[in-house]
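Everything on this sheet refers to the single structure shown next.
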Amino acid sequence: MAGKLLRMDRRVIFVLIALATLIPLLRPIGLPIRISPEVKQVYDYIESLPPGSVFLLSLDFDPASKPELYPMAVALLNHAFKRDLRVIGMTLWVTGTGMAEKVVSGIASEHGKRRGVDYTFLGYSPGGTNVIINMGQDLAAAFPTDHYGERTADLPVMRGVTSLRQVNYVVSLAAGTPGVESWYVYGKEKYGFELGGGVTAVIAPGLYPFLDTGQINGLIGGLRGAAEYEILVGLKGKAVAGMDAQSATHFIIIGLILLCNLFYFLTPRVGSRSVGRAQNRPGSPREAGR
Amino acid sequence: MILFLRRTFPLILTFLFGVAGALQYYIPHPVSEAALTEVSVWLRIILGFAMILGIASLCHVHYAKIRTRVAGWGYSLVVYLSMMITVVVGVWSRGQEEGTGFGWIYTYALLALQGTMFAMLGFFVASAAFRAFRARSKEAAVLLVAAILMMFGRVPLGEYLIPMAGPVAGWLLSVVNTAARRGILIGISLGGIAMSVKIIFGIERSYLGGRD
């Protein structure tokens with residue numbers, strides 16, 4: 001019996017996960033979300049910036065990471081525009097350009113901000129981490145024009161900003177490299193601006209050493225981090241809505257792991273488990289087939 | 001002469017730019033800063049050519065698959081067709097997205113396809129967790145317990161049921177995980193420095209293509 005359950009058709013698991021995602025999205029419970037200190041630190045730093053300070057948001061992700069990082073971008077931009085900061089948007093990922101432009105210009109128009117005066121979107125420039133060095137040396141050389149073809153040096157929003165040295169706060173929303181680490185190594189280290197990060201849940205644990213040493217001053221990790229930031233800015237959006245679904249899927253996975261181990265230990269030790277092990281070893285044809 | 005151009009000249013260039021790049025960081029003189037500005041522009045231009053090389057390589061690999069009719073060659077044809085359509089529509093739209101065919105491809109094809117691929121991961125992770133996450137050894141058991149604590153403590157339902165779950169997950173991330181990651185980072189950094197020194201001094205030459 002236990003052996004049979006261990007060999008359960010994976011489509012059953014797929015259906016369980018689909019239901020665990022769909023039902024909470026359709027009928028949300030709205031459980032309270034605790035604010036973690038690393039997310040609060042990003043919020044507090046933006047709160048501490050005086051109006052007119054320069055805030056650079058680098059949207060270093062592609063559509064694959066949209067569910068986690070797009071809500072962060074929405075929450076951060078809302079916060080920055082509420083605080084009347086000068087917002088500069090950009091991306092180091094070519095496939096994220098259209099998406100990044102839409103979120104920056106969309107949130108700006110909701111706040112009645114004028115393009116070129118209160119905000120700009122620089123777009124994408126090839127070169128990965130070299131773009132950061134180039135921006136640190138001469139911002140207008142890295143982006144002679146913004147995404148809309150206006151000369152960067154002539155934009156009122158860029159007044160007094162010739163390099164990254166004049167930027168007050170940079171937040172990189174990253175799904176990989178180039179991302180937060182690149183902004184630290186090639187940017188903050190040399191040009192001295194303050195840096196915060198927003199990343200997918202997969203890469204967030206890798207950035208905790210940077211947080212601990214103050215190399216980044218705050219970290220928004222995954223959908224959970226995005227939901228926390230939405231609560232901080234008082235704007236419950238897609239991240240908060242997704243947290244119930246995440247709760248349910250996590251619990252389904254925990255349940256599956258516990259069941260899997262229970263069945264594993266219930267399976268007779270010498271005979272069938274060793275046979276099952278050989279047949280179901282990861283990568284075996286039988287395992288792949290299921 | 002050929003040997004000089006193939007081996008000696010790249011080695012000299014690597015040595016000069018490697019040493020100059022390392023020294024530049026510690027000499028913030030205006031001349032040194034101007035040189036860095038210039039080099040950073042060069043690097044971006046060179047990377048632009050690398051992109052062309054990448055596209056050429058992609059075309060070559062998929063052309064070979066189509067020509068030899070290997071299993072799944074149809075997907076290579078899809079790669080070619082999608083790339084050609086995107087390039088033609090992109091050039092036709094002059095790279096503009098707003099209200100153009102290029103924007104339509106981006107929003108309704110690329111965005112949707114990439115989102116779908118990533119969303120499917122959740123289903124496969126759940127299936128893989130059920131099949132493979134077993135306490136076969138002490139180490140696997142430690143990993144298993146840590147994973148369950150993390151999954152429990154990072155969602156509102158977990159914290160609602162056991163209020164201590166959140167702080168425990170936070171402690172795992174900021175103490176245990178940080179200590180392990182820091183060790184890995186130090187190892188990677190030392191390895192990176194050692195490899196850089198080997199490349200600058202011409203001890204590591206595999207980037208030359210393996211010809212002597």
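The values are calculated or read from the model by the stated rules, or taken from the named source; none is laboratory data. Everything numeric here is computed off the predicted structure, so don't read it as measured data. Glycine also receives a Cβ, built like all others from the backbone with ideal geometry; neighbour counts cover every protein chain displayed.
The table below gives the values:
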| quantity | calculated |
| --- | --- |
| Filter result for A:Phe55 (within 25 Å of A:Ala174 (Cβ to Cβ), outside any helix (DSSP H, G or I) and in the same structural domain as A:Glu150 (by TED's automatic domain parsing)) | yes |
| Among the candidates B:Ala147, B:Ala128, B:Ala140, residue that is more than 9 Å from chain A (Cβ to nearest Cβ) and either touching a strand residue (DSSP E or B) at 6+ places or on another chain (Cβ under 9 Å) or not in a loop (DSSP other than H, G, I, E, B) (or both) | B:Ala140 |
| Wholly enclosed strands (runs of 3 or more DSSP E) of region A:160-229 bearing at least 1 residues of a type outside the set (Phe, Trp, Tyr), modelled with pLDDT of 95 or more and surrounded by fewer than 22 Cβ atoms within 10 Å (Cβ to Cβ) | A:194-199 |
| Residue check for A:Arg151: in contact with a strand residue (DSSP E or B) (Cβ under 9 Å, 6 or more places away or on another chain) and under 21 Å from B:Arg94 (Cβ atoms) | yes |
| Candidate set: region A:35-53, residues that are facing chain B (nearest Cβ under 9 Å) and in contact (Cβ under 8 Å) with a residue 60 or more places away in the chain; chosen: the one surrounded by the fewest Cβ atoms within 10 Å (Cβ to Cβ) | A:Ser36 |
| Test result for A:Ser109, within 14 Å of another protein chain (Cβ to nearest Cβ), touching a residue at least 12 places away in the same chain (Cβ under 8 Å) and out of contact with any His (no Cβ under 6 Å at 6 or more places or on another chain) | no |
| Hits in region A:82-96 (condition: part of a helix (DSSP H, G or I) and either basic (Lys, Arg) or in contact with a strand residue (DSSP E or B) (Cβ under 8 Å, 6 or more places away or on another chain) (or both)) | A:Lys82, A:Val94, A:Gly96 |
| Residue count for region A:52-75, restricted to those that are closer than 26 Å to B:Gly122 by Cα, modelled with pLDDT of 95 or more and of a type in the set (A, V, I, L, M) | 6 |
| Odd one out for A:Val104, checked against (1) more than 13 Å from chain B (Cβ to nearest Cβ); (2) surrounded by fewer than 22 Cβ atoms within 10 Å (Cβ to Cβ) | (2) |
| Checklist (1) modelled with pLDDT of 90 or more; (2) over 30 Å from A:Asp9 (Cβ atoms); (3) more than 7 Å from every other protein chain (Cβ to nearest Cβ) applied to B:Pro156, failing item | (3) |
| Residue match in region B:180-191 (condition: assigned to a helix (DSSP H, G or I), among the charged types (D, E, K, R) and modelled with pLDDT of 90 or more) | yes |
| Residues of region B:44-65 satisfying the condition of being within 12 Å of chain A (Cβ to nearest Cβ) and charged (D, E, K, R) | B:Arg44 |
| Residue in region B:103-118 that is surrounded by 15 or more Cβ atoms within 10 Å (Cβ to Cβ), more than 24 Å from the chain's Cα centre (by Cα) and modelled with pLDDT under 90 present | no |
| Subset of region B:163-178 (residues that are more than 7 Å from chain A (Cβ to nearest Cβ) and either closer than 17 Å to A:Val202 by Cα or surrounded by 13 or more Cβ atoms within 10 Å (Cβ to Cβ) (or both)) | B:Ala165, B:Pro167, B:Val168, B:Ala169, B:Trp171, B:Leu172, B:Val176 |
| Any hit, region B:76-83, residues being part of a helix (DSSP H, G or I) and within 14 Å of chain A (Cβ to nearest Cβ) | yes |
| Scope region A:1-33; condition touching an Asp or Glu at 6+ places or on another chain (Cβ under 7 Å), at the interface with another protein chain (Cβ under 9 Å from one of its Cβ atoms) and crowded, with 16+ Cβ neighbours inside 10 Å; matching residues | A:Leu31, A:Ile33 |
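Here's the yes/no breakdown for (1) under 17 Å from A:Ile88 (Cβ atoms); (2) in contact (Cβ under 8 Å) with a residue 24 or more places away in the chain:
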site: A:Arg115; (1), (2): yes, yes
site: A:Tyr124; (1), (2): yes, yes
site: A:Gly136; (1), (2): yes, yes
site: A:Ala141; (1), (2): yes, no
site: A:Asp146; (1), (2): yes, yes
site: A:Tyr169; (1), (2): yes, yes
site: A:Tyr184; (1), (2): no, yes
site: A:Tyr191; (1), (2): yes, yes
site: A:Leu195; (1), (2): yes, yes
